[in-house]
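**Student:** There's a structure below that I have some questions on.
The values are calculated or read from the model by the stated rules, or taken from the named source; none is laboratory data. Note that the coordinates shown come from a computational prediction; the quantities given were computed from them, not determined experimentally. Positions of Cβ are backbone-derived with ideal geometry, glycine not excepted, and every protein chain shown enters the neighbour counts. We work out accessible area using only protein heavy atoms, side chains counted, and drop any ligands, DNA or RNA first. Shrake-Rupley method; radii C 1.70, N 1.55, O 1.52, S 1.80 Å.
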Amino acid sequence: MYTYEYPHPAVTTDCVVFGFDGKSLSILLIQRGIDPFRGSWALPGGFVGMEETVEAGAYRELREETGVENIYIEQLQSFSAVNRDPRERVITMAFIAFVRQNDYQVIGGTDASKAQWFKLDELPTLAFDHQEIISVALQKLRWKITLEPLAFRLLNETFTMGQLQNIYEVVLGQPLDRRNFHKKMTKTGYIMPTGEKLRLNGRPGELYTFDEEKYHEYINSHLFFK
């Protein structure tokens, strides 16, 4: 039994799960089966339990509402506009994830009547302030992909430079010069040629692999303070 002397807000979580299908960027949404916004599309999420952390609550809601589990999520930021939820004063902690879309079979559950991937440029009208949350998450994703090896989580162990460049272009939302991209990537020292080739559209493409140990060496060598 919990009683409080002073008014306090409720806490929810919302998960912005970006999916890459090899060609485009999508977001995982659920169709709400309860009020408010019954029938509207929204990010998977819900109220945090009294005995769980916000991380645990985010993972639970994602699993219960979409069937997706065993993915890496990290905190994005909190959203605390006073009137963001018509039910009561609610602060939400948003989380972000970036996955290979085809690795997950989604299915709606609990208070979600449906779960579905939507292409980033084809999003429906969203409940609450979820459009704002997605906009912030997209900016964070674009920032992170230039600093962290996010793209390599979506590729096979070996890949062509064209496949790698495609992920960067889709996330950043702009075309990149092929020669300049190739030069920058190989200069890092953690993208290693395998000596093998993959024939795509009748043309052989050199295969590369991501060396995580060399990546950490690269990061450590570029730190301002050690």
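**Student:** Quote the convex hull volume per residue of region 1-145, based on C-alpha atoms, as a whole number of Å³. Working shown, then result.
**Tutor:** Working: hull volume 16.5 nm³, N = 145.
So the per-residue Cα hull volume is 114 Å³.
**Student:** Step through the residues of region 104-111 one at a time and calculate ³J(HN,Hα) from phi using the Karplus curve (6.51 cos²θ - 1.76 cosθ + 1.60, θ = phi - 60°), rounding each to whole Hz and writing x for Gly and Pro.
**Tutor:** Once rounded to whole Hz, the list reads 10, 9, 9, 8, x, x, 6, 8.
**Student:** Highest mean first, how do 169-178, 30-39, 93-102 rank when packing is the count of other Cβ atoms within 10 Å averaged over residues?
**Tutor:** 93-102, 30-39, 169-178
**Student:** By DSSP, what percent of the beta bridges with both residues in the chain are antiparallel, rounded to the nearest 5?
**Tutor:** 70
**Student:** Rounded to the nearest 10 Å², what accessible area does residue 2 show when all protein chains are kept and the probe is 1.4 Å?
**Tutor:** Rounded to the nearest 10, the figure is 110 Å².
**Student:** Quick check: Cα centre of region 1-35 to Cα centre of region 95-144, how many Å?
**Tutor:** Using only Cα atoms to place each centre, the spacing works out to 10 Å.
**Student:** Separation between the residue 187 and residue 156 pseudo-spin-labels, each 7 Å from Cα along Cα→Cβ, expressed in nm?
**Tutor:** 3.0
**Student:** For a paramagnetic label modelled at 7 Å from the Cα of residue 74 toward its Cβ, which residues of region 124-155 fall within the zone defined by backbone nitrogen distances under 12 Å?
**Tutor:** Output list for this probe position: 140-151.
**Student:** Further, regarding this structure: Take the solvent-accessible surface of the protein heavy atoms, probe 1.4 Å, and return the percent of it on region 172-219 that carbon and sulfur atoms account for. Working shown, then result.
**Tutor:** Values: 1770 of 3710 Å².
It is 48 percent, rounded to a whole number.
**Student:** Convert each backbone phi in region 129-140 into a coupling constant with the Karplus relation 6.51 cos²θ - 1.76 cosθ + 1.60 (shift: θ = phi - 60°), then list the ³J(HN,Hα) values in order as whole Hz, x for Gly and Pro.
**Tutor:** Karplus values, whole Hz, x for Gly and Pro: 9, 5, 5, 5, 4, 5, 4, 5, 5, 5, 4, 5.
**Student:** Specify the angular offset, from 0 to 90 degrees and rounded to the nearest 10, of the alpha carbon long axis of helix 161-172 from the longest principal axis of the alpha carbons in the chain.
**Tutor:** With both axes taken from Cα atoms, the answer is about 30 degrees.
**Student:** Enter the angle in degrees (range 0 to 90, nearest 10) between the Cα long axis of helix 178-187 and the first principal axis of the Cα atoms of the chain, meaning the one along which they spread out most.
**Tutor:** Between helix and principal axis, roughly 90 degrees.
**Student:** Residues of the chain: accessible area per residue at 1.4 Å, in Å²?
**Tutor:** 58
**Student:** Amide H neighbours of residue 85 under 5 Å, counting only residues 5+ apart in sequence or on other chains, H built in-plane at 1.01 Å?
**Tutor:** 90
**Student:** Another question, then. Whole-Hz Karplus ³J(HN,Hα) for region 86-92, in order, using 6.51 cos²θ - 1.76 cosθ + 1.60 and θ = phi - 60°, x for Gly and Pro?
**Tutor:** Karplus-based 3J(HN,Hα) across region 86-92 equals x, 6, 5, 6, 10, 9, 10 Hz.
**Student:** Where Rh denotes the Kirkwood radius from the mean inverse Cα pair distance, what is Rg over Rh for region 68-226?
**Tutor:** Value, to two decimals: 1.03.
**Student:** In Å, the Kirkwood hydrodynamic radius of region 15-98 over pairs of distinct alpha carbons? Walk me through the intermediate numbers first.
**Tutor:** Working: mean 1/r = 0.0727 Å⁻¹.
So the Kirkwood estimate lands at 13.8 Å.
**Student:** Could you list log10 I(q)/I(0) for region 40-84 at q = 0.20, 0.23, 0.34 Å⁻¹, which the Debye formula gives when each Cα is one point scatterer?
**Tutor:** Values returned for q = 0.20, 0.23, 0.34 Å⁻¹ are -0.75, -0.96, -1.28.
**Student:** Counting only protein heavy atoms and a 1.4 Å probe, tell me what percentage of region 1-133's accessible area is made up of carbon and sulfur.
**Tutor:** Carbon and sulfur atoms account for 50 percent of the accessible area of region 1-133.
**Student:** Rounded to the nearest 500, what is the 222 nm mean residue ellipticity of the chain from helices alone, with -39500 (n - 2.57) per DSSP H run of 4+ residues and division by all residues?
**Tutor:** Computed mean residue ellipticity for the chain: -8500 deg cm²/dmol.
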